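One structure below.
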Amino acid sequence: MFIVLGVTGGIAAYKSVMLARAFVEAGHDVHVVPTEDALRFVGTPTWEAISRNPVTTSVHDDVPEVRHVALGQRADLVVVAPATANTLARMTAGLADDLLGTTLLATRAPVLVAPAMHTEMWEHPSTVHNIAVLRDRGVHVIGPESGRLTGTDSGPGRMTEPDGIAQAAFALLGDAPQHTAGTTDPGPATTPLPAADAGETRAILDLDGISMLVSAGGTREPIDPVRFIGNRSSGRQGVAIALAAADRGADVTLFAANIDESILAAADAHPGIVIVHVSSAADLEHEISVRADGADVIVMTAAVSDYRVDGTSDQKIRKEDHPDEAPTLHLVQNPDILKGLATDRWPGQTIIGFAAETAESTEELLERGRRKRARKGVDLLAVNEVGWSSGFEQEQNTLHLIDAHDDVLRTVTGTKRQAAEGLLDTILRVRAR
Ligand SMILES: Cc1cc2nc3c(=O)[nH]c(=O)nc-3n(C[C@H](O)[C@H](O)[C@H](O)COP(=O)(O)O)c2cc1C
């Protein structure tokens, strides 16, 4: 594979020598594109010797090869490590006054960035904004980690070690690494990270350390021992969110409301997911409320019945017991679980609701979504259109993601896994605020 390794001007540039070597040793064609500042940290001879390819920073070298766009066009993957605050800002603005800038604009390959900087720079609103914009465009971000920084400082901002970046890069290429960075002998093959659907492998552990509760499926409100009031929610979208979050490093508890075993199987087998089976709205409320305090993010995709039967019959209701007229079911309102979670949330906890709505137009759908988000008080509401033939029991989904300012932050369309990845990216964006 053709890998472009962008290197920018931070001390961590020396670690990217190991990264370049890991790529070369795994059999990839590696083209290092440093910035001018990066060359003050590690020089051209080192990059050329390690990558075995010529290295330049300028768009004016190798003009007959149209190098300023050729590298980006040919790339299967572009990795920027370390990515300085300056380069992240330049990427966000789309600046193209050096070879790395033109390469990043000319590529349609996946882009993986490994930020490295002091904590103050990483937490500055400009950098927070830039990272959110880049994530939203589909750029993969790995790290930074917390630890020792340049000088005597320590805190969040340390570049992920080359081995971690290499694994994420290999996973994006759909490729298991042959060697790990820093080794010269062929070591044991590194275990590939958990795979998502074909073509959708995500290995960036950007939810590492996050505890997430996800509810999925549809509640059942008993009428008598054999009958219930239910809904058509299959649980596929919620299960896809749980799997995607766990693949990205989150500790997930999945509240499964009446989901078919075949849909739950992958979640059941995932080491990062604990499944709690629930049936009625009351079960769900109880199980989720005892765990809510420990969660960083709660995603409520389950279709929860607004009503339950007042006075469930202990015996089957029989026709012969009502010979003259049909029995009447008295319904009472269930507690609003989502609103309760949003009301009781602690600072830093993020609550996401789902709304399956029928509507004549997208405008009407979004208006209903905005009203529902305000009623529930959640940080983000994912609205999807449902009808007799759309939304339920399908592999595809469209989610409009409405934030607390009534803005549609993103509309994601695709498989339920792709919708899940888009939702998780947006949750990170909301949390970065
Ligand atoms: C010793 C030293 C270490 C630096 N380390 C970092 C760093 O880790 N991250 C960062 O964003 N900037 C760092 N800088 C500042 C960048 O080098 C500077 O912003 C530069 O303009 C980045 O250019 P580039 O993004 O084009 O490579 C450092 C500067 C010096 C002198």
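The values are calculated or read from the model by the stated rules, or taken from the named source; none is laboratory data. Just so it is clear, the model here is predicted, and its values are computed rather than measured. Cβ placement follows ideal geometry from the backbone for every residue including glycine, while neighbour counts extend to all protein chains displayed.
Contact map, region 106-125: residues that are in contact (Cβ under 8 Å) with a residue 24 or more places away in the chain paired with residues that are outside any loop (DSSP other than H, G, I, E, B) and among the aromatic types (F, W, Y), Cβ distance under 9 Å, separation 6+ or inter-chain. Pairs shown: A109/F2; P115/W122; A116/W122. Among residues of region 134-157 being at pLDDT 80 or above and β-branched (V, I, T), the one that is nearest to V78 (Cα to Cα) is V139.
Checked against the criterion of being within 26 Å of P222 (Cβ to Cβ) and part of a loop (DSSP other than H, G, I, E, B), the candidates I259, I275 yield just one match: I259. Within the span defined as region 299-319, every residue fails to be assigned to a helix (DSSP H, G or I) and of a type outside the set (K, R).
Among A382, A326, which is without any contact (Cβ under 8 Å) to a residue 12 or more places away in the chain, among the small types (G, A, S) and either part of a loop (DSSP other than H, G, I, E, B) or not assigned by TED's automatic domain parsing to the domain that holds V128 (or both)?
Working: A382 fails: without any contact (Cβ under 8 Å) to a residue 12 or more places away in the chain.
Answer to the check: A326.
For region 1-25, filtered to residues that are part of a helix (DSSP H, G or I), in contact (Cβ under 8 Å) with a residue 40 or more places away in the chain and among the aliphatic types (A, V, I, L, M), the residue that is farthest from the ligand (Cβ to nearest atom) is A22. For region 139-166, the set of residues classified as β-branched (V, I, T) and over 18 Å from V113 (Cα atoms) consists of T150, T152, listed by residue number.
In this structure, G369 qualifies as at pLDDT 85 or above, over 20 Å from N130 (Cα atoms) and not assigned by TED's automatic domain parsing to the domain that holds I131.
Quick one: A96 ticks every box in (1) touching a Leu at 6+ places or on another chain (Cβ under 9 Å); (2) assigned to a helix (DSSP H, G or I) bar one, so which box is it? Checking A96 against (1) touching a Leu at 6+ places or on another chain (Cβ under 9 Å); (2) assigned to a helix (DSSP H, G or I), the one that fails is (2).
Restricting attention to region 69-109, and to residues there that are over 21 Å from V17 (Cα atoms) and away from the ligand (no atom under 16 Å from the Cβ), which single residue is surrounded by the most Cβ atoms within 10 Å (Cβ to Cβ)? Here the answer is A109.
Can you name the number of the only condition in (1) in a helix (DSSP H, G or I); (2) out of contact with any helix residue (DSSP H, G or I) (no Cβ under 9 Å at 6 or more places or on another chain); (3) closer than 25 Å to G230 by Cα; (4) touching a residue at least 60 places away in the same chain (Cβ under 8 Å) that A420 fails? Every listed condition holds for A420 apart from (2).
Every condition in (1) outside any helix (DSSP H, G or I); (2) surrounded by 13 or more Cβ atoms within 10 Å (Cβ to Cβ); (3) free of Cβ contacts under 8 Å to residues at least 12 places away in the same chain is met by R371 except one, and the failing one is (1). One residue stands out in region 26-45 among those that are surrounded by fewer than 19 Cβ atoms within 10 Å (Cβ to Cβ) and more than 16 Å from the ligand (Cβ to nearest atom): the one that is farthest from V78 (Cα to Cα), namely P45. Within region 74-89, residues that are of a type in the set (S, T, Y) reach partners that are modelled with pLDDT of 95 or more with beta carbons closer than 6 Å, at six or more positions or on different chains, in the pairs T84/T8; T84/G9; T84/G10; T87/T8. Among the residues of region 339-362, those that are exposed (fewer than 14 other Cβ atoms within 10 Å of the Cβ) and either in contact with a strand residue (DSSP E or B) (Cβ under 7 Å, 6 or more places away or on another chain) or modelled with pLDDT under 90 (or both) comprise T358, E360, S361.
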